[in-house]
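Asker: Once you've had a glance at the structure underneath, I'll fire off some questions.
The values are calculated or read from the model by the stated rules, or taken from the named source; none is laboratory data. Computed from a predicted structure; not experimentally measured. Cβ sites come from the backbone with ideal geometry, for glycine too, and all protein chains shown count toward neighbours. Remember, those area values only see protein heavy atoms, side chains included, never the ligands or the DNA or RNA. Shrake-Rupley method; radii C 1.70, N 1.55, O 1.52, S 1.80 Å.
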Amino acid sequence: MAKTQAVRGMNDVLPSETPIWQHLEECFARVVKSFGYSEIRFPVLEQTQLFKRSIGEVTDIVEKEMYSFEDRNGDNLSLRPEGTAGCVRAADQHGLLYNQQQRLWYQGAMFRHERPQKGRYRQFQQFGVETYGMAGPGIDVELMQLSSALWQELGINSHVRLELNNIGDAQERGEYTQALRKFFIDHKSGLDSEALRRLETNPLRILDSKNPSLQSILDKAPLLADFVSDKSKDHFDELLSLLDVAEIDYVINPKLVRGLDYYNSCVFEWVTDALGAQGTVCGGGRYDGLVEQLGGKSTFAAGFAMGAERLVLLLEELTNLRDQLSKRADVFILVRDEDCIGAAQALAKNLRFHLPSRSVVIHYGGGKVSSQLKGAIAAGAQFACILESEQLKDSSSLRLRKLDDVGESTDCFIADVPDKLIKCLL
Ligand code: ATP
Ligand code: MG
């Protein structure tokens, strides 16, 4: 019978890969803590309505990428395709938004039925932050500083660039949409079927097209920047000067509109050239209208989300972290004779107590000491404790071997091993 495979586009993360994931998670947790953000956790399932009302009915995500179904009660539910909507729902439901400021972060799986390819999957992991109650532009820049601090921490800051755009408010975007529709009607013959459909539903989304043959038309399209009000411009200009003070480089990308309807004012992406087509590692911006749109009180809001898989790919491509983090053991206890297992376990317990930050592994299953040694070296251990029956019985000692190129070994009383290793390993 054929074996059952994983669902297409949903990946297993194997033991050889998890150290990089853990490193990323630790770095992210450290950076958000240093900026004073608190973690929030919310469910992977929400009412489908929540995503329709926030992300927008005529976005790729809601139109064709959501995993939606009716549950046994007949409720329409969807696996979350992103975190912002659920975060707003949870924060508002529990009274975290009214008349207060919040700095929140989350981490978790998101689900979109996209065509799987490098950097694009159907289940993927996002790190996100959301802030509430701050009109900016200070908070906008803080979000960019926070992400920038993470790139620094991960050692990839020279491989990502910040792109931003001012997309104005809903009314300004409405006027722009009219102009855009008129422009695309005049250039209808050059549009593809997707764009023609968008022309009816949401012309702004045509700017998001990845079809290269559309680019020459897109280059001539009216610019959103020409439609935004002085108030929106002032916010953006102030933000740019704060970025200069913060010494964060940026490029303004007038075509950056983001694929979700709730954004307004400043939107941004961190982009890399090292991952091919899936170059956006982080995207975000302001979404001042969303809380009210979902039934809450009007609340300033801004946030971003980053794709963990793309960051892992970047770390694998640009650093040698995988090798650095591959170590599974510091001390390996080799057991030449089966009747030493009890003594090996007692020694391991003692070492773990004295060296709580180190890993102690016992070899089970016998075999030649030489091949056990190979296993210890492959696990990255610095020391091997070699236990054999006779030596144990005669003198309560073992052979302690340093696993470097020299491979020096000495006899050592079992009772002295912790002290000796503490000196060498700490
Ligand atoms: P893209 O333009 O690459 O489709 P997006 O605009 O749809 O990205 P967002 O919804 O803003 O992405 O999500 C934020 C981040 O999450 C992206 O920048 C990306 O790093 C990551 N991401 C989005 N979709 C996927 C996916 N299907 N697989 C892996 N990562 C993803
Ligand atoms: Mg997308």
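Asker: Cα gyration tensor of the stretch 107-232, axes a ≥ b ≥ c as square roots of the eigenvalues: rounded (a/c below 1.5), prolate (a/b > b/c) or oblate?
Answerer: It comes out oblate by the Cα gyration axes.
Asker: Once phi is turned into θ = phi - 60°, what whole-Hz ³J(HN,Hα) does the Karplus curve with 6.51, -1.76 and 1.60 give for every residue of the stretch 70-78, x standing for Gly and Pro?
Answerer: Once rounded to whole Hz, the list reads 9, 8, 5, 8, x, 7, 8, 10, 9.
Asker: Moving on. Among all the lysines, which ones have a C-alpha under 16 Å from Lys52's C-alpha, if same-chain residues fewer than 8 places away are not counted?
Answerer: By straight Cα distance, Lys52 reaches Lys64.
Asker: Please return the longest range in the chain lying between exposed loop sites, taking trypsin sites (Lys or Arg not before Pro), DSSP loop only, at most 15 other beta-carbon atoms within 10 Å, and leaving the sites out.
Answerer: Numbers: sites that count: Lys3, Arg8, Arg41, Arg72, Lys118, Lys210, Lys255, Lys297, Lys327, Arg328, Lys368.
By the stated rule (loop sites, at most 15 other Cβ atoms within 10 Å), 119-209.
Asker: Suppose only helical runs count, i.e. DSSP H with n ≥ 4. What mean residue ellipticity at 222 nm does that imply for the chain under -39500 (n - 2.57) per run, divided by all residues and rounded to the nearest 500 deg cm²/dmol?
Answerer: Calculated from helices alone, the mean residue ellipticity at 222 nm is -11000 deg cm²/dmol.
Asker: So what is the diffusion coefficient of the chain in µm² per second by Stokes-Einstein at 25 °C and 0.890 mPa s, using a Kirkwood Rh over Cα pairs?
Answerer: Roughly 98 µm²/s, to the nearest whole number.
Asker: Using DSSP to define loop residues, name the GluC sites (Glu not before Pro) in the stretch 27-90 whose beta-carbon has at most 13 other beta-carbon atoms within 10 Å.
Answerer: Sites meeting the loop and neighbour criteria: Glu57.
Asker: Students often forget the sequence filter, so: which aspartates and glutamates lie under 14 Å Cα-Cα from Lys118 once same-chain residues fewer than 8 apart are removed?
Answerer: Partners within reach: Asp273, Glu309, Glu316, Glu317.
Asker: Please give the charge dipole size of the stretch 1-102, origin at the Cα centre, charges +1 on K and R Cβ atoms and -1 on D and E Cβ atoms. Round to the nearest 20 debye.
Answerer: Using only the charged Cβ atoms, the result is roughly 120 debye.
Asker: Whole-Hz ³J(HN,Hα) for each residue in the stretch 386-400, computed from phi via Karplus 6.51 cos²θ - 1.76 cosθ + 1.60 with θ = phi - 60°, x for glycine and proline: what do you get?
Answerer: 9, 9, 9, 3, 5, 4, 4, 5, 5, 9, 6, 10, 9, 9, 9
Asker: Another one. What whole-number distance in Å separates the alpha-carbon centres of the stretch 236-279 and the stretch 83-100?
Answerer: If you average the Cα positions of each part, the centres end up 25 Å apart.
Asker: Another question, then. If I compute solvent accessible area with a 1.4 Å probe over the protein chains, what percent of it on the chain is carbon and sulfur?
Answerer: 49 percent
Asker: Can I ask one more? Just name one of Thr410, Ile386, Pro356: the one whose Cα is farthest towards the positive end of the charge dipole of the stretch 327-425 (beta-carbon charges, Lys/Arg +1, Asp/Glu -1).
Answerer: Comparing the listed Cα positions along the dipole, Pro356 ranks first.
Asker: Another question about this same structure. So what is the relative contact order of the chain, in percent, for Cα pairs below 8 Å that sit 6 or more residues apart?
Answerer: Worked out over the chain, it gives 15 percent.
Asker: Here's something else I'd like to know. Please work out the C-alpha center-to-center distance from the stretch 151-230 to the stretch 1-67 and express it in whole Å.
Answerer: Result: 26 Å between the Cα centres.
Asker: Given Cβ point charges of +1 (Lys, Arg) and -1 (Asp, Glu) and nothing else, what value in debye, to the nearest 20, does the dipole of the stretch 327-425 about its Cα centre take?
Answerer: 440 debye
Asker: Which of rounded, prolate, oblate describes the stretch 327-425, given a ≥ b ≥ c as roots of the alpha-carbon gyration tensor eigenvalues and a/c under 1.5 marking rounded, otherwise prolate only if a/b is larger than b/c?
Answerer: Verdict is rounded for the stretch 327-425.
Asker: Taking loop as defined by DSSP and a crowding limit of 15 other beta carbons within 10 Å, which GluC sites (Glu not before Pro) in the stretch 342-426 fit?
Answerer: Glu408
Asker: Skip the ligands, DNA and RNA, and give the accessible area per residue of the chain with a 1.4 Å probe, whole Å².
Answerer: Here the per-residue accessible area is 50 Å².
Asker: Continuing with this model, one more query. Can you work out the Karplus-derived ³J(HN,Hα) for every residue in the stretch 283-296? Use 6.51 cos²θ - 1.76 cosθ + 1.60 with θ = phi - 60°, whole Hz, and x for glycine or proline.
Answerer: Whole-Hz 3J(HN,Hα) from phi for the stretch 283-296: x, x, x, 7, 9, 5, x, 5, 4, 5, 4, 8, x, x.
Asker: Using only the Cα atoms of the stretch 137-198, build the gyration tensor, take square roots of its eigenvalues as a ≥ b ≥ c, and label the shape rounded, prolate or oblate: rounded if a/c is under 1.5, else prolate if a/b is larger than b/c, else oblate.
Answerer: It is oblate, given that a/c is not under 1.5 and a/b is not larger than b/c.
Asker: Kindly flag which residue pairs out of Lys188/Lys210; Lys327/Lys374; Lys393/Lys423; Lys402/Lys423; Lys374/Lys423; Lys182/Lys210 have an alpha-carbon separation exceeding 19 Å in this structure.
Answerer: Where the Cα-Cα span goes over 19 Å, the pairs concerned are Lys393/Lys423; Lys374/Lys423; Lys182/Lys210.
Asker: Find which of Ile156, Leu318, Gly74 sits farthest along the positive direction of the dipole of the chain, computed with +1 on the beta-carbon of Lys and Arg, -1 on that of Asp and Glu, about the Cα centre.
Answerer: The Cα lying farthest towards the positive end belongs to Gly74.
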